1. For the structure I just gave you, tell me whether Ala29 is at pLDDT below 90, in contact with a helix residue (DSSP H, G or I) (Cβ under 6 Å, 6 or more places away or on another chain), among the aliphatic types (A, V, I, L, M) and outside the structural domain of Val136 (by TED's automatic domain parsing).
2. Considering Ile28, Ile5, Ile48, which residue is closer than 24 Å to Ser77 by Cβ and among the aliphatic types (A, V, I, L, M)?
3. For the range 1-76, please list each of the helices (runs of 4 or more DSSP H) lying entirely inside it that holds at least 1 residues being surrounded by 16 or more Cβ atoms within 10 Å (Cβ to Cβ), acidic (Asp, Glu) and on the phi < 0 side of the Ramachandran plot.
4. Do you know which residues across the range 112-133 are exposed (fewer than 15 other Cβ atoms within 10 Å of the Cβ) and assigned to a strand (DSSP E or B)?
Amino acid sequence: MDVDIGLLLILLGAILIVIEIATPGFFIAVPGTVLIIYGLLILLFPWILSIPYVPWILFLLSFPIGYLTYLIYRRLSPPSPPVTESYEGLIGKTGIVVETVKPDSIEGKVRIGSDIWSATSDRVIEPGSKVVVVDVEGVHLIVKPLSSKSSEGKM
């Protein structure tokens, strides 16, 4: 019976950790780890559950053990600041047109890195063309062809 409880706690803890891995958020890895620790204690010392006050001791110990586990997880994976990109930080960056960019229209789309931004230009720029961001207006980019000198010479 005691072995079954120990195995059940280990299984439940492992399920919580697998869920945490699948959907990171660091909310259920700590209780999962505490359950695994308690399951191992019960497997190693099955007589521990025959003492009447041990469940209360384990309950009270769950808070410091949980906090210690939290500190260990923080040390293993320190939080990193979120990566944010302001529109002004895009000026001067190059990208590729993925939807035709037209004058006086923000329906054009430009890929810069892994992000796609709405864009406009003073001329029509076809998909696949390389562009550079020259300005930002509201929530869309103003771009020009990267090789503007060579395209002007062809006209």
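The values are calculated or read from the model by the stated rules, or taken from the named source; none is laboratory data. Keep in mind the model is a prediction, meaning the values are calculated, not measured. Positions of Cβ are generated from backbone atoms using ideal geometry, with glycine treated the same way; all protein chains shown enter the neighbour counts.
1. yes
2. Ile28
3. Correct list: 2-22.
4. Asp115, Ile116, Lys130
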